[in-house]
Number of protein chains: 2
Amino acid sequence: MIKVIVLGSGAAIPTKSRNCASIAIQYNGEILLFDCGEGTQRQLIKAGKSIMKITKIFITHLHGDHIFGIPGLFHSMSLMHREKPIDVYGPKGVQKFIDFITSEENFFHKTFDINVHEIEGEKATVCETDMYRVEALKVDHSIPTYAYAFIERDRPGKFLVSKAIELGIPRGKLWGKLQRGKAVKLSDGRVITPDMVLGPPRRGKKIVYTGDTRFTEALIDFAKEADLLIHDSTFDESLSEKAREYFHSTCTEAAEIAKRANVKKLMLIHVSNRYEKNPGILVEQAKKIFENTILAKDLMVIELK
Amino acid sequence: MIKVIVLGSGAAIPTKSRNCASIAIQYNGEILLFDCGEGTQRQLIKAGKSIMKITKIFITHLHGDHIFGIPGLFHSMSLMHREKPIDVYGPKGVQKFIDFITSEENFFHKTFDINVHEIEGEKATVCETDMYRVEALKVDHSIPTYAYAFIERDRPGKFLVSKAIELGIPRGKLWGKLQRGKAVKLSDGRVITPDMVLGPPRRGKKIVYTGDTRFTEALIDFAKEADLLIHDSTFDESLSEKAREYFHSTCTEAAEIAKRANVKKLMLIHVSNRYEKNPGILVEQAKKIFENTILAKDLMVIELK
């Protein structure tokens, strides 16, 4: 199961109810962080998760509200004697920022390696494991900014117990091998291949986080068929000119992307502090275009099974 | 009236209930910040105060949990188009930190001047106004660290209305002059001096914040007769060796300073995350030595009238 935890749903200035930008994806024992605005470590603690489980951090861009939580996070990890290296991905400039905050022994004494990967170009696969990959796409903001797609690999189909029994395969090690996609030979000489006892392959989940961006058609293809699209929605539709001027999106522009990309669910995020008292307007407007829209709230958890 | 607002009562690693270090003193339209750990700006917003009212920031030392809230605070102030300069006081190194975070246009575009005052030596008066002064004292921590004393100037005594009437001074401008400490001449030729209509001068309030420190006798004189002493209390008395090793104080050491300095009230602060579930032990132990002890809590407000 994949858990998406909203750590910060606000825009540049935090509010009583919304922290600065950060999303966590919890998957298979890892926590992947997307953006790390000021206060992110405490939000994760409030969500009941250990900051030590963070393995990778993906930074959309270098604006302070997306990176100023990194120093404190690394400070705490060091006080907790972290030894495991951490990977940080982001546009050019991330290395310089991390170099500075870790160069001064006065700030804190770093206890682990930080591998920084600066992204270049319009589109790239920035990391790959046996279980998932993360892709980056340059979007349309005032400084170089990347959206990210977390794409789980397709998994083998479900193990069909009734089929295994029907075929007379003894319960135990052989079942495990078949589940892991390996053929087995029975004592009577028959060879059983995985396709004989597994259901159809299960499509991996896809989650897209846009970071800060204007409406950009490039996101339609990037977010295609995503299970969850987390899109910049700084303004409501009446402020579309402001959105353009400040390189952000309106809630209806986010919905337009969601509709054309045929995603399953849209989450509106990066909510301006002007909506502190009436955030509902954003989701109301978006729903006219894309029905399955929700508004991000701090510490909200979305489970993708 | 002076309001002391606890913005962060925790130690190096924040917890669900305690943010990193910061204390605000609200006085006469200004907010003075003492330390600015990560999350300070949001704590101030939660306290219902405007970050734009901050006029001066006093940093005890350069450990991350005392300074990593500065970048985000200045970011937000810039987005709110602050033009008024701000003063920052602290040990050597504060300038370099602020230079770095404001040097990169990518992080944010600074809209106001930051006047940094690096403190040297063992003791200094670091700022003075008509209403108060702030003094710094070097304490005993692992890196150069200053405690601060906010000392309000003594104020003229209360205006005694009954005396003024008794002396036949006409209500109006003359009363105002006398209240401001000026002599006046009545139409019948009599000269009235302020001492004739004012009560005894009122002693200014004194608030001392130690920052991170081991038990140090120098604080006894520095905190003498303070109305409020806010003292490092990272550990309980059973961990006094750990306190020495990590250059912090125990709650009982804090109480010992409070008693010997004859302060009015002691607030224990910088509470280690190990006491998240049982912080009461700190105040229990301290009260055996100094009765008027309280434990800091985030967003607690102390009014000094």
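The values are calculated or read from the model by the stated rules, or taken from the named source; none is laboratory data. Small disclaimer: the values here were computed from a predicted structure and weren't measured. Every residue, glycine as well, gets a Cβ built from its backbone with ideal geometry; the counts of neighbours run over all protein chains shown. Side chains are part of the model used for accessible areas, which takes the heavy atoms of the whole protein and leaves out ligands, DNA and RNA. Shrake-Rupley method; radii C 1.70, N 1.55, O 1.52, S 1.80 Å.
Observations, loosely collected:
- Qualifying residue in region A:62-73 (condition: crowded, with 24+ Cβ neighbours inside 10 Å and among the aromatic types (Phe, Trp, Tyr)): yes
- Considering region B:22-61, the residues that are of a type in the set (Ser, Thr, Tyr) and open to solvent by less than 10 Å² (accessible area, probe 1.4 Å) include one that is nearest to A:Arg274 (Cα to Cα), namely B:Thr40.
- Of all the listed residues (A:Met1, A:Met52), the sole one being modelled with pLDDT under 95 and either at positive phi or away from chain B (no Cβ under 11 Å) (or both) is A:Met1.
- When residues of region A:74-100 are limited to those that are at the interface with chain B (Cβ under 9 Å from one of its Cβ atoms) and buried (at least 22 other Cβ atoms within 10 Å of the Cβ), the one nearest to B:Thr102 (Cα to Cα): A:Phe97
Conditions tested, residue by residue: (1) assigned by TED's automatic domain parsing to the domain that holds A:Lys297; (2) surrounded by fewer than 24 Cβ atoms within 10 Å (Cβ to Cβ); (3) more than 17 Å from A:Ser22 (Cβ to Cβ); (4) not β-branched (Val, Ile, Thr).
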{"position": "A:Gly211", "(1), (2), (3), (4)": "yes, no, no, yes"}
{"position": "A:Phe215", "(1), (2), (3), (4)": "yes, yes, yes, yes"}
{"position": "A:Ala218", "(1), (2), (3), (4)": "yes, yes, yes, yes"}
{"position": "A:His231", "(1), (2), (3), (4)": "yes, no, no, yes"}
{"position": "A:Glu237", "(1), (2), (3), (4)": "yes, yes, yes, yes"}
{"position": "A:Glu241", "(1), (2), (3), (4)": "yes, yes, yes, yes"}
{"position": "A:Arg244", "(1), (2), (3), (4)": "yes, yes, yes, yes"}
{"position": "A:Ser249", "(1), (2), (3), (4)": "yes, no, yes, yes"}
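- Residues of region A:185-201 that are in contact (Cβ under 8 Å) with a residue 40 or more places away in the chain and open to solvent by 40 Å² or more (accessible area, probe 1.4 Å): A:Pro200, A:Pro201.
- Filter result for B:Met300 (surrounded by fewer than 22 Cβ atoms within 10 Å (Cβ to Cβ) and within 23 Å of B:Met1 (Cβ to Cβ)): yes
- Qualifying residue in region A:108-123 (condition: within 22 Å of B:Ile67 (Cα to Cα) and at the interface with chain B (Cβ under 9 Å from one of its Cβ atoms)): yes
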